[in-house]
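Accompanying notes for the structure given below.
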Amino acid sequence: MPFRLLIPLGLLCALLPQHHGAPGPDGSAPDPAHYRERVKAMFYHAYDSYLENAFPFDELRPLTCDGHDTWGSFSLTLIDALDTLLILGNVSEFQRVVEVLQDSVDFDIDVNASVFETNIRGGLLSAHLLSKKAGVEVEAGWPCSGPLLRMAEEAARKLLPAFQTPTGMPYGTVNLLHGVNPGETPVTCTAGIGTFIVEFATLSSLTGDPVFEDVARVALMRLWESRSDIGLVGNHIDVLTGKWVAQDAGIGAGVDSYFEYLVKGAILLQDKKLMAMFLEYNKAIRNYTRFDDWYLWVQMYKGTVSMPVFQSLEAYWPGLQSLIGDIDNAMRTFLNYYTVWKQFGGLPEFYNIPQGYTVEKREGYPLRPELIESAMYLYRATGDPTLLELGRDAVESIEKISKVECGFATIKDLRDHKLDNRMESFFLAETVKYLYLLFDPTNFIHNNGSTFDAVITPYGECILGAGGYIFNTEAHPIDPAALHCCQRLKEEQWEVEDLMREFYSLKRSRSKFQKNTVSSGPWEPPARPGTLFSPENHDQARERKPAKQKVPLLSCPSQPFTSKLALLGQVFLDSS
Ligand code: DMJ
């Protein structure tokens, strides 16, 4: 289905920032050194303002120069920005922040937090693994122990009650003190279920407790088993019944990082099964959703187009394609998306492809990283200077449109550059980091294995820092080598845990387990196929829900799906 883009309004061209940034010496490509400095200045403008005006709140409000809590109440921007400090070379500030976080962050709080966001935005695991490189004096036993690891583990344990469902797929929200609230919506978006394996498997490897990797794997398997006959997954699913509630299939909002984690989980864990799952999805996605190197939204059972829309969040896809070596397709899709950036000087949240214009109420650009992230990966793979040009355009645009005295503000509307009083934590965690890495070819993150650190741990010698870092979906790098540092410990502990599990499962009656399904009690292993996930148990689980909750509320962490419903009304809602 060929799409013809309409020519953008002349007015828009007048509003677009003009590029006066330094080109390369021959005038052909942007000068990386110049842009590295510009990106650093961007980071400190926002970071200093957060510390001065917003800390200890989660986020900076750049228009009113104050702060507010958004996703938790644990200084999220500071945690999210921590490893960017090291990537920018600021070891002293990294060390200072590690101290500050240990003294100030408390996860024992009566707050309803998004399970997905709390997991991905916590850069604690990465910071823990990078702390030696940053000159932090690490304790004996590191990287298998350490204060940041303990904090990451504590936060992750707070999320475990969400996985205690008949399907093993997690609720979207959990109270950090009390567990899952009674009456919590059982409808979670696909990404909110399938975006745990990178962090949770790392945590299991480092701590020796398999529970994290186990729950993440079960959730991934349940999604896989829930795909349609034509091989697609929908957008929201009921985690008690396993029934799809929103049946739009695509690669963007509500689904995105599920696909990302199949690939990254496969690479991190050298897990062929995860890669095989992704490759199967990839086939179905190409068959049903790809048109002229754009990706649309289709009905998951029929493959019919439900929304001919490109979403800003989808711009991670070319980067993901590059990770599986599909460079030609990745570049073609990247160039499609880059035309949209050029049209508006940013990526609108939704872009109607046939009309070649924004979608009503989704004209904003909250300074998202995805297109820059893809440029960074593709530049590593190809060295194509077009990718640096996107980086240059992004720096120029963001500085011109969104820079204010107290930071960088979300662009509410790319058509007139009105601003919103918000600076999401991913701006410092991802957008700035990927920009810097795009322009910094010798950054330690790009290490190709030519250097490494040998570390003596209580479990033997272990190699770290050799490169091949896997970024979680919030751009927190995980050193894959670290997963092998505590291996011996892990295997021994897992054997003991397996024995204990066997012992306790003999003692525990099934009815007692079911009664605890929505509780804040200690974590219990989720159901295996053919056990708790049976029609009989679905009915029992349903009976426990309050009667008034017949039409489940939708819960998606990064973007309320209801906005999309209101806008386009083309989502298949099945409340029968
Ligand atoms: C980030 O929080 C993560 O990348 C997430 O997966 C979705 N996108 C936002 C930034 O756009």
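Below is a table of values for the structure above.
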read-out	value
Amide hydrogen neighbours beyond the local backbone of GLY67, cut-off 5 Å, H modeled	ARG61
Cut-off under 5 Å, modelled amide H: who pairs with GLY168 long-range	ALA527
Simple label model, 7 Å out from Cα along Cβ direction - PHE291 to PHE444, nm	4.8
Peptide ranges 260-269, 431-440 listed from the most packed, as the mean C-beta count within 10 angstrom indicates	431-440, 260-269
At most 14 other Cβ within 10 Å, DSSP loop - chymotrypsin sites (Phe, Trp or Tyr not before Pro), the range 48-132	none
20 Å Cα-Cα reach of LYS361 towards aspartates and glutamates, excluding residues that sit fewer than 8 places from it in its own chain	ASP248, GLU314, GLU349, ASP413, ASP416, ASP420, GLU424
Hull-based mean projected area of the range 155-210, where the convex hull spans the alpha carbons, in square nanometres	4.1
Too-long pairs where the Cα-Cα distance tops 24 Å, listed order kept, from LYS133/LYS433; LYS40/LYS403; LYS264/LYS302	LYS264/LYS302
In nm, spacing of pseudo-spin labels at PHE452 and ASP69 (7 Å Cα→C-beta vector)	4.4
Burial ranking of peptide ranges 470-477, 181-188 (average Cβ count within 10 Å, highest at the top)	470-477, 181-188
Sites GLU154 and LEU499, calculated FRET efficiency, Cβ-Cβ separation with R0 25 Å, nearest 0.05	0.45
Overall form of the range 277-419 per C-alpha gyration tensor (a/c, 1.5; a/b vs b/c)	oblate
The range 62-175, relative contact order in percent, only Cα pairs under 8 angstrom and at least six apart counted	29
Cα gyration tensor shape of the range 256-340, rounded if a/c is under 1.5, else prolate or oblate by comparing a/b with b/c	oblate
Förster-model FRET efficiency, 41 Å R0, LYS418 and GLU280, C-beta, rounded to 0.05	0.45
Summed side-chain charge close to GLU373 - residues other than GLU373 whose Cβ falls under 14 Å, Lys, Arg +1, Asp, Glu -1	-2
Counted charge near GLU399, where neighbours are those whose Cβ lies closer than 12 Å (Asp, Glu -1; Lys, Arg +1)	+2
Cα shape, the range 168-315, gyration tensor, a/c 1.5 rule	oblate
Cβ-based net charge around THR451, under 15 Å, with every Lys or Arg adding one and every Asp or Glu removing one	0
Amide H partners (placed H, <5 Å) of ASN235, local residues excluded	ALA246, GLN247, ASP248
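Read-outs throughout are calculated quantities, based only on the coordinates presented, and are distinct from any laboratory measurement. All values reported here derive from a predicted model rather than from experimental measurement. Because the Cβ atoms are built from the backbone with ideal geometry, glycine has one as well, and the counts that use them run over all protein chains shown.
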